[in-house]
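Engineer: Provided herewith is a single structure, encoded as structure tokens, for subsequent inquiry.
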Amino acid sequence: MIFGMDMFSPAEAPAAPSQRTRDQIEDRFKWNLSHIFPDWEAWQRGYDELDRKIVEYAALQGTLKKGPEPLLRALTLADQLGQLEYKVWYFPSLKYDEDQRDNTINGRRQQVQILAAKGSQAMAWFNPELLAIPLETVREWMQANPKLAVYRFAIEELYRQQEHVLDDKGEHLLSLSAQLSSTPNDIYAALSTADVRHPVVRLSNGQDVTVTYGQYRAILATNRNQADRAAAFKALHELYANTTNTYASLYNAVMQREWFHSQARGYASTLEAALHGNNIPTQVVTNLIETTKAGTEPLRRYHRLRKRVLGLDTYHVYDTTIPLQEFDRQYSYEDALAWLPASFERLGPEYARLLNDALSGGWIDVYENPGKRSGAYSAPVYGVHPYMLLNHNNTLDAAFTLAHEMGHSMHTQLSHAHQPFVYAGYTIFVAEVPSTLAEALFLEYMLARTTDERERSVLLQHAIDGIVSTFYTQVMFADYELQAHKLVESGRPVTAEVLSDIYFGLLKAYHGDAYDYDDLTRITWARIPHFYSTPYYVYQYATCFASSAQLMTQLSSKSESERRGAIDRYLTLLKAGGSDHPMTLLQRAGVDLSKPETIRAVVDQLDTLVTQLENEIAVP
Ligand SMILES: [Zn+2]
């Protein structure tokens, strides 16, 4: 239940001119954690109670086979434990994010992590003990006991997952490989982070810059001199080119591990193994890739337009994120906040009421202060309300980040209010649907209200860049992962040359003649952390995006009754939390990711936006 940063992280924002300390910021711009616990003493009491409940839970070991009553007792106690854990964890965790220099609070945070580890050990007996009882018996118990029936989906899931669990001997053997399995990613982290010596480049203004990945992105997004962007690109990628054989060996090790585990557990492919957890058919990924590959024309048109507007003779990967125009309008937090109710109005009165709660105060931590955690997130504190951390710096990106995080928070609110605790959380596969949909609604509102041509074209670019980075790029990455894993599955050699050929082939397949290609882009695969840390993960950014595009189309229907139906189905999705497989939940909302038209909704959306931008922007 420990949640990380929001997965869409914006490029490094420029440092704020002057930073206020936390007590110089008015309370109405800070979250109020006393909604969780009034003070540290109350937190300590919660912590002690959690500790007692963990001991109580451990004592239930061996009772399940006695019948439905003990099973219900264990499930109910696990719920109580889980609910308390949210509050006990988030109180110090959010407090720590206010100022990460505070060692005392960090200590309390770690104290909870240690207790949580103790908790999962104390609960480890449950799954094997339940699975030793035949599913038919448990089904009879659930039939006879409505309170137990609440847990039906969670229980059936355990048995479904069981299909690929080995006998004790097999599982023991696999568990012995755990340390070995994590080694390739550990070496990758050491090589690319701990041991790396970042190059220094001299920019055209005489300034020397150390090219970390963050700096590289910042130069690409802000430096209007193409030669500077080229220099940063060359410096960063030469770093990987110099050690490309090592990266290829590490990536091969990651894929061999995946293939080993897949075969050991009886899956036909690494993709099948990766998707089994959420019960996603492999066709979802292949459909995503094929349909997107056939829909690259609007992407190419966008890049050709950029090349013309920027007045460049040649157009490279390092020219793809520089804004087409200078734009320094400020978006105050108050303005952005005031635009939310109007933006989300289409979702109806129930949504509006919940949004009003979120705006009532104490939920959002708005501004930067020394020591505060960077980025943005929405933290789902069960039994209280979601808390949102922002670092609002008056940019357009910051305004959209507010809309995005609010989308997450409304999802959390609806899911927590309508589901029993066991299904209150939702999977990553669905999580970014409401946040991207909130951004799309916000964009539409902003486009409708602006009378300024320049602002309109900046808004269009914002939307297009979102589709390029969270959809097209992620699909291309998923395509790369799939092709690379197939080499391993069919016993073909994996060398740096082969991996670079795959990547380069994809870059060309997606961008055609819209790019001028540099040899160094071939090795881009070597620097993508997700490939090493979480294989077959990035496709979910794209499927969430496609789902939200499809829902947006339905919510914009010209027919009032269709629109109403779409709102109902969408709210039902948000209220459903994790009560079923994500594909089933999305299908009920009218989104079928196994069908090409769902993916084509994004292609069409991009096509429309690029046409609008072409009409809007004067080409010299
Ligand atoms: Zn998000």
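The values are calculated or read from the model by the stated rules, or taken from the named source; none is laboratory data. Note that this is a predicted model, so its numbers are computed, not measured. Don't worry about glycine lacking a Cβ; one is built from the backbone with ideal geometry, like all the others, and counts go over all protein chains shown. Ligands, DNA and RNA are excluded from the accessible area calculation, which covers all protein heavy atoms including side chains. Shrake-Rupley method; radii C 1.70, N 1.55, O 1.52, S 1.80 Å.
Engineer: Nearest 5 percent is fine: what portion of the DSSP beta bridges confined to the chain is antiparallel?
Structural biologist: Once the DSSP bridges in the chain are tallied, antiparallel ones form about 80 percent.
Engineer: Separate question: Quick one: order Tyr503, Tyr537 from most to least accessible surface, probe 1.4 Å.
Structural biologist: Tyr537, Tyr503
Engineer: Rounded to the nearest 10 Å², what accessible area does Glu455 have for a 1.4 Å probe in the complete protein model?
Structural biologist: 0
Engineer: Could you go through the stretch 166-174 in sequence order and give the Karplus-derived ³J(HN,Hα) for each residue, using 6.51 cos²θ - 1.76 cosθ + 1.60 with θ = phi - 60°, rounded to whole Hz, and x for Gly and Pro?
Structural biologist: 8, 6, 3, 5, x, 5, 4, 4, 5
Engineer: What Kirkwood hydrodynamic radius, in Å, does the chain give when the mean of 1/r is taken over all pairs of distinct Cα atoms and then inverted?
Structural biologist: In the chain this quantity evaluates to 26.5 Å.
Engineer: Using Cα atoms only, what is the angle between the long axis of helix 333-343 and the major principal axis of the chain, expressed in degrees (0 to 90) to the nearest 10?
Structural biologist: 70
Engineer: Over the stretch 242-387, with every protein chain in place, what whole percent of the accessible area is carbon and sulfur at 1.4 Å, could you tell me?
Structural biologist: With neighbouring chains kept in place, the figure for the stretch 242-387 is 47 percent.
Engineer: Could you work out the relative contact order of the stretch 553-609, using alpha carbon pairs under 8 angstrom and six or more residues apart, expressed as a whole percent?
Structural biologist: 24
Engineer: Given labels modelled 7 Å from the Cα in the Cβ direction, how far is it in nm from Asp168 to Thr76?
Structural biologist: Placing both labels 7 Å beyond Cα along the Cβ direction yields 3.2 nm.
Engineer: What percent do you get for the relative contact order of the stretch 466-620 when only Cα pairs under 8 Å and 6+ apart count?
Structural biologist: Relative contact order of the stretch 466-620: 23 percent.
Engineer: Can I ask one more? How would you classify the stretch 344-451 from its alpha-carbon gyration tensor, with a ≥ b ≥ c the square roots of the eigenvalues: rounded for a/c under 1.5, else prolate if a/b is greater than b/c, otherwise oblate?
Structural biologist: oblate
Engineer: Right, something else. By average Cβ neighbour count within 10 Å, what is the ranking of 78-89, 425-436, 541-552 from highest down? Present the calculation step by step, with values, prior to reporting the outcome.
Structural biologist: Values: 78-89: 19.2, 425-436: 23.0, 541-552: 25.9.
The densest-packed peptide leads the list: 541-552, 425-436, 78-89.
Engineer: Within the set Lys234/Lys307; Lys147/Lys595; Lys118/Lys372; Lys147/Lys575; Lys66/Lys118, which residue pairs have Cα atoms separated by over 31 Å?
Structural biologist: Result: Lys147/Lys595 exceed 31 Å.
Engineer: If you don't mind, there's one more thing I want to ask. Among 522-528, 353-359, what's the highest-first ranking by average C-beta atoms within 10 angstrom per residue?
Structural biologist: Result, highest mean first: 522-528, 353-359.
Engineer: Can you give the extra length, in nm with one decimal, that the chain gains between Ala154 and Ser559 once fully stretched, where that is 0.36 nm per residue apart less the Cα-Cα distance?
Structural biologist: Between Ala154 and Ser559, full extension yields 142.0 nm more.
Engineer: Turning to a different aspect of this structure: Starting from the Cα of Thr104, move 7 Å in the Cα-to-Cβ direction to define the label point; list residues of the stretch 40-59 whose amide nitrogen is under 13 Å from there.
Structural biologist: Of the residues in the stretch 40-59, 40-41 have backbone N under 13 Å from the label point off Thr104.
Engineer: Which aspartates and glutamates, on any chain, are close to Lys486 with Cα under 14 Å apart, when same-chain ones fewer than 8 places away are left out?
Structural biologist: Glu258, Glu272
Engineer: Tilt of helix 178-189 relative to the longest C-alpha principal axis of the chain, in degrees (0 to 90, nearest 10)?
Structural biologist: So the inclination is approximately 20 degrees.
Engineer: Which of the aspartates and glutamates could a cross-linker bridge to Lys169, judged by Cα under 17 Å and excluding same-chain residues fewer than eight apart?
Structural biologist: Within the straight-line limit of under 17 Å, Lys169 reaches these aspartates and glutamates: Glu129.
Engineer: Could you please state how large a percent of the accessible area of the stretch 91-180 is carbon and sulfur, counting protein chains only and using a 1.4 Å probe?
Structural biologist: C and S fraction of accessible area: 55 percent.
Engineer: What angle do you read, to the nearest 10 degrees and between 0 and 90, between the alpha-carbon axis of helix 473-489 and the longest principal axis of the chain?
Structural biologist: Its long axis makes an angle of about 70 degrees.
Engineer: So, for the chain, what is the accessible surface per residue at a probe of 1.4 Å, expressed in square angstrom?
Structural biologist: Value for the chain: 45 Å² per residue.
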